[in-house]
1. When the chain is fully extended, how far beyond the present Cα-Cα distance does Lys18 get from Lys47, taking 0.36 nm per residue of separation?
2. Would you check the accessible area of Leu169, probe 1.4 Å, heavy atoms only, in square angstrom rounded to 10?
3. With every protein chain present, what accessible area does Lys31 have (1.4 Å probe, heavy atoms only), rounded to the nearest 10 Å²?
4. Between Lys96 and Ser61, 0.36 nm times their residue separation minus their Cα-Cα distance comes to what?
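The values are calculated or read from the model by the stated rules, or taken from the named source; none is laboratory data. These numbers come from a predicted model, not from an experiment. Surface areas here come from the heavy atoms of the whole protein model, side chains and all, with no ligands, DNA or RNA. Shrake-Rupley method; radii C 1.70, N 1.55, O 1.52, S 1.80 Å.
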Amino acid sequence: MAKKTVAKKKQAPSKAAKKDTAKKDAVKKQKDAASAREAQLKAVAKKLEGRIKKLEAAVASAEAKAAKWMKRAKKDRAEAAASSSKVSKLEKKLAKAQQPAPKASVGVSRPTLAVAPDAPAQPDEVAPAAEVVEVETPAESTPGPAAKAGPDDSWTVTALRAEARTRGLAGYSRKSKAELLAALT
């Protein structure tokens, strides 16, 4: 017998095989697309994580600065309160220093001796001790409410110079009325 050689023909793929191949190709494309999207998402996530770290560092820095400024503000408030206290004390001292000094002769009571009219005139006899009676002398010139309020435009130059003299101001005799008012107020 003679051998027949039969050439095997390549068979065309069947429809089912084509579908399987197409399906495999589609799945492979989907996997490739998914891995590409996953890589993109990982890159975006990495960028966002970097931004988050930077923002967290900025927030920490801002909180540290805020704490520093709050501490400084507290210190400044304490210094302001102390300064305000000092200012009020100095204002009181200034007001006290600006008050005119009271004259010693005005309104001061002076004790006087009163001798009984029936005292013996003979030197041999010893007179009983005289009683000391305190008598107030009226004030020669008591300042009125206008004098206590301070000098103003209604005062005369003579009155302003007298006030300057009592306060111990130098050069008051050469000053004009306006200059005296400015110096005394």
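1. On the way: separation 29, 0.36 × 29 = 10.44 nm, distance 4.32 nm.
Stretched fully, the Lys18-Lys47 segment lengthens by 6.1 nm.
2. Approximately 60 Å² of Leu169 is accessible to the 1.4 Å probe.
3. Its heavy atoms expose roughly 140 Å² to the probe.
4. Numbers: separation 35, 0.36 × 35 = 12.60 nm, distance 5.21 nm.
In short, 7.4 nm is gained.
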